[in-house]
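Encoded as structure tokens, the structure appears first; notes follow it.
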């Protein structure tokens, strides 16, 4: 009897909590800015200050919502993973190799790279030009969701 009563109270509390949660609406989203971005024409300075690290790397977010971001990145990156964010990269410029999991793969303009959360990636090495990528991250990558891989 005591267990049944405890379960009933817990269930009731759960229902009340669930009803108190406000569902997300379009009004909760940050405003999008209408724009046309000519990605091939962008240079490092167009993307802001270089990120700290062993290579010259730039990144700029062009669109953001609670469910994802779209950004342009240039340069190499250290091998890392994101525990929470999935990433899709589209190669605009540069040929070379990058790590995807435990394999180093060739990449070139036009390649679409799907990177599930938790998968090590990066360590790109451009053999022709500098890499320029369009990156889509879902959900948006938190600053602390960048984990270096040796």
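The values are calculated or read from the model by the stated rules, or taken from the named source; none is laboratory data. What you see is a predicted model, and the numbers here were worked out from it, not measured in a lab. Heads up, the Cβs are rebuilt from the backbone with ideal geometry, glycines too, and the neighbour counts pull from every protein chain shown.
Looking at this structure, is residue 67 under 13 Å from the mean Cα position of the chain (by Cα), at pLDDT 85 or above and surrounded by 14 or more Cβ atoms within 10 Å (Cβ to Cβ)?
So residue 67 fails the test.
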Qualifying positions in segment 93-122 - crowded, with 17+ Cβ neighbours inside 10 Å, modelled with pLDDT of 95 or more and either out of contact with any strand residue (DSSP E or B) (no Cβ under 7 Å at 6 or more places or on another chain) or under 26 Å from residue 33 (Cα atoms) (or both): none
Pair list, Cβ < 9 Å and 6+ apart or interchain, from segment 41-52 residues that are at pLDDT below 90 to residues that are surrounded by 10 or more Cβ atoms within 10 Å (Cβ to Cβ) and part of a loop (DSSP other than H, G, I, E, B): 44/50; 44/56; 44/75; 50/56; 50/75; 51/75; 51/77
